[in-house]
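One structure is given below, encoded as structure tokens.
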Amino acid sequence: MSISTFIHPITLTFIDRSEVAPATFTFSFKPDIPLTWHAGQHGMIELKTSKGKTMRHMFSLSSAPSEKIVSITTHYIGERASDYKKSLWALRPGDTVRLRGPVGPMYIRDPKQRTIFIASGIGITPFRSILVEAAANKKDLHATLIYENRHSSAIFRDEIEKISSQLAHFDVAFLTEPAKITEDVIRSSASDIGATMFYLAGSPSTIMRYKKLLRNLGVTRSQIKNDPFYGYKT
């Protein structure tokens, strides 16, 4: 999917929403035309409020291309939610929104390239897409997911563990506070730092923390792909 799709968005029809972790929901849509993209990419969802105002927000797609739907996953905390998320929550089956994209560099070029995914909390969304697609297409994905959370009820945990059992060269490390991603944690998952690609997702401040750890380990810019969730609000 090229950047030109930001000029000519497609219509998505809302299907349903489901709770995938406490106060965390997946919203699923059907595209009005066949849609192809790389698992791990992001898109801009445009919707209208009850007052007719158009609002936009960028999301990493949590669905995989093989699922034939477009899904986004986000926190929702009722009255504390942003106006955008209140409008998202108010969608009913059959309502429509618009999608610009998907685009972005957060996808796997070579599944046999040694790769480490690093995420915390809602940052798991692009990696869920990548992992589901790899399992659906029986790709020999040589990767490790290091996933940091405040609670043991990590988003998509059961699904990720199932996929881990299906992919011979993929494994996952779940960390729950007070455990944190550190240089030692990363080093233990990368037998050859210089030959490893690193994919990072989360808030801009979280991405900066991960990049600092990687720089301390000698990782170069060319080895890092990242998806900072700019403007993320509850």
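Under the condition of being outside any helix (DSSP H, G or I), surrounded by fewer than 20 Cβ atoms within 10 Å (Cβ to Cβ) and not β-branched (Val, Ile, Thr), the residues counted in the stretch 198-224 number 3. The criterion of at least 1 residues that are open to solvent by 50 Å² or more (accessible area, probe 1.4 Å) and modelled with pLDDT under 95 is met by the following strands (runs of 3 or more DSSP E) wholly inside the stretch 42-112: 42-48, 54-60, 70-75. The residues of the stretch 158-179 that are open to solvent by 70 Å² or more (accessible area, probe 1.4 Å), among the charged types (D, E, K, R) and in contact (Cβ under 8 Å) with a residue 12 or more places away in the chain, listed by number, are 171, 177.
Mind listing just one residue for me: the one in the stretch 113-138 that is assigned to a strand (DSSP E or B) and either without any contact (Cβ under 8 Å) to a residue 12 or more places away in the chain or of a type in the set (Val, Ile, Thr) (or both) and, of those, farthest from residue 191 (Cα to Cα)? Among those residues, the one meeting the criterion is 118.
Per the conditions (1) touching a strand residue (DSSP E or B) at 6+ places or on another chain (Cβ under 8 Å); (2) within 18 Å of residue 40 (Cβ to Cβ); (3) small (Gly, Ala, Ser); (4) touching a residue at least 40 places away in the same chain (Cβ under 8 Å), the sole criterion not satisfied by residue 153 is (2).
Any residue in the stretch 121-133 that is open to solvent by less than 30 Å² (accessible area, probe 1.4 Å), over 25 Å from residue 13 (Cβ atoms) and more than 13 Å from the chain's Cα centre (by Cα)? No - not one qualifying residue is present in the stretch 121-133. As a summary of the residue check, residue 231 satisfies the conditions (1) modelled with pLDDT under 95; (2) open to solvent by 40 Å² or more (accessible area, probe 1.4 Å); (3) at negative phi except for the one numbered (3). Cβ-Cβ contacts under 7 Å between residues 6 or more apart (or on different chains), taken from a first residue in the stretch 37-57 that is over 30 Å from residue 118 (Cα atoms) to a second residue that is open to solvent by 20 Å² or more (accessible area, probe 1.4 Å) and of a type in the set (Val, Ile, Thr), are listed as 48/54. Restricting attention to the stretch 156-181 and to residues that are in contact with a helix residue (DSSP H, G or I) (Cβ under 9 Å, 6 or more places away or on another chain) and among the small types (Gly, Ala, Ser), the residue that is nearest to residue 141 (Cα to Cα) turns out to be 164. Selection of the stretch 25-41 for residues being surrounded by 19 or more Cβ atoms within 10 Å (Cβ to Cβ) and β-branched (Val, Ile, Thr) yields only 26.
The values are calculated or read from the model by the stated rules, or taken from the named source; none is laboratory data. Model, not experiment: these values are computed from the prediction. Cβ: placed from backbone, ideal geometry, glycine included. Neighbour counts: every protein chain shown. Accessible surface areas use protein heavy atoms only, side chains included; no ligands, DNA or RNA. Shrake-Rupley method; radii C 1.70, N 1.55, O 1.52, S 1.80 Å.
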